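K.L.:
There's a structure below that I have some questions on.
The values are calculated or read from the model by the stated rules, or taken from the named source; none is laboratory data. The structure presented is a predicted model; accordingly, all values stated were derived computationally and were not measured. Using ideal geometry, Cβ is built from the backbone for each residue, glycine included, and neighbour counts are taken over all protein chains shown.
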Amino acid sequence: MIISTKGRYAIRVLLDLAERCSGDYIPMRDIAARQELSLKYLERIVPLLSKSGLVEGVHGKGGGYRLAIDPGECSLWQVLILTEGDLAPVSCLECGAKPCERSAACKTLPVWKELDRRIRDYLQSVTLRDLLETNPADHYVI
């Protein structure tokens, strides 16, 4: 499993909005400038976040986006499933995958299942609020 730029940037956008929870709508170009991200790329990510109900947007003068949920109620798992689709570490565990003919005899399957469970449990346990409360000097920025 590799988290794409789409997933990482979505988290950065949500964090940017969470840091500015004043109720005001923030123009996408301001988010792009602060986060040093391509505005064109954000124009593909932010509507996905809006459609899912994580952010709400208003078009026109004074428009922009704001967080639609409490940062403590939004897990990284929720954002990454939305942007990545599937986070299974191996193809046989992907949602909708055909059952593998070797699964009954596969000695590595328990390892992949446990890795999948640990990834899911960990990402479900980390919220935007947790990231907001993290000292950036102690961690590498995503």
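Listed here are the residues, each with its yes/no results for (1) charged (D, E, K, R); (2) under 14 Å from the mean Cα position of the chain (by Cα).
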{"site": "Ile11", "(1), (2)": "no, yes"}
{"site": "Arg29", "(1), (2)": "yes, no"}
{"site": "Tyr65", "(1), (2)": "no, no"}
{"site": "Pro71", "(1), (2)": "no, yes"}
{"site": "Glu84", "(1), (2)": "yes, yes"}
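K.L.:
Among the candidates Val111, Val90, single out the residue that is touching a residue at least 12 places away in the same chain (Cβ under 8 Å) and among the β-branched types (Val, Ile, Thr).
P.N.:
Val90
K.L.:
Next up: List the helices (runs of 4 or more DSSP H) inside region 1-119, counting only whole elements, that have at least 1 residues being out of contact with any helix residue (DSSP H, G or I) (no Cβ under 8 Å at 6 or more places or on another chain) and exposed (fewer than 12 other Cβ atoms within 10 Å of the Cβ).
P.N.:
Correct list: 28-35, 39-51.
K.L.:
How many residues are at pLDDT 85 or above and surrounded by fewer than 12 Cβ atoms within 10 Å (Cβ to Cβ) if we restrict to region 123-142?
P.N.:
Residues meeting the conditions: 2.
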